[in-house]
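K.L.:
Just dropping this structure here.
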Amino acid sequence: MNIAILMGGLQFDSQQELLKSVWKCAKEDGSNLFVFLCSPSGKEQYNKGELKIFDLPDLKVFDGVIYLEDTLPVGPIRKHVSEMIRKEKIPCS
């Protein structure tokens, strides 16, 4: 099974622990885990490039997506990523 994780960085312990836990479960299950993350800042020009990471995965090749929407800045990027996932009609948590 191929699982994608889409999130906005690992700044907080909770994000790190969640990723460690998912990684452990995926390893035990024999699943492949693909992590796409960025570290947005308050600089709009920087964020334009940083947030392009979410355009890289071809979601068709994944059996499911874990999308941590609340780790991304509020605004168009959240909507864009949500629409990408919805369009491919793959399970998302």
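The values are calculated or read from the model by the stated rules, or taken from the named source; none is laboratory data. This one's a predicted model, so the numbers in the text were calculated from it and none came from an experiment. Every residue, glycine among them, receives a Cβ derived from its backbone with ideal geometry; neighbour counts consider all protein chains shown. With ligands, DNA and RNA removed, areas are computed over all heavy atoms of the protein, side chains included. Shrake-Rupley method; radii C 1.70, N 1.55, O 1.52, S 1.80 Å.
K.L.:
Can you tell me which residue within the stretch 54-68, out of those that are without any contact (Cβ under 8 Å) to a residue 40 or more places away in the chain and over 12 Å from VAL35 (Cα atoms), is nearest to the chain's Cα centre (by Cα)?
P.N.:
Out of the qualifying residues, it is ASP55.
K.L.:
If you don't mind, another one. With the condition kept exactly as written, say whether any residue in the stretch 20-37 is in contact with a Cys (Cβ under 9 Å, 6 or more places away or on another chain), in a helix (DSSP H, G or I) and of a type in the set (A, V, I, L, M, F, W, C).
P.N.:
no
K.L.:
Still on this structure, I have one more. ASN2 is checked against (1) among the polar types (S, T, N, Q); (2) touching a residue at least 40 places away in the same chain (Cβ under 8 Å); (3) open to solvent by 60 Å² or more (accessible area, probe 1.4 Å) and fails just one. What number does that condition carry?
P.N.:
(3)
K.L.:
Please specify each residue of the stretch 63-81 satisfying the condition of being in a helix (DSSP H, G or I), open to solvent by 50 Å² or more (accessible area, probe 1.4 Å) and at pLDDT below 85.
P.N.:
Passing the criteria: only PRO76.
K.L.:
Would you check if GLU50 is loosely packed, with under 10 Cβ neighbours inside 10 Å, of a type outside the set (A, V, I, L, M, F, W, C) and out of contact with any His (no Cβ under 8 Å at 6 or more places or on another chain)?
P.N.:
no
K.L.:
Go through the stretch 25-61 and count every residue that is among the polar types (S, T, N, Q) and modelled with pLDDT of 95 or more.
P.N.:
Quick first cut of the stretch 25-61, residues among the polar types (S, T, N, Q) only: 31-32, 39, 41, 45, 47.
If we keep only those that are modelled with pLDDT of 95 or more as well, we get 31-32.
Final tally of qualifying residues: 2.
K.L.:
Please enumerate the residues belonging to the stretch 21-65 that are hydroxyl-bearing (Ser, Thr, Tyr) and under 19 Å from GLU88 (Cβ atoms).
P.N.:
SER31
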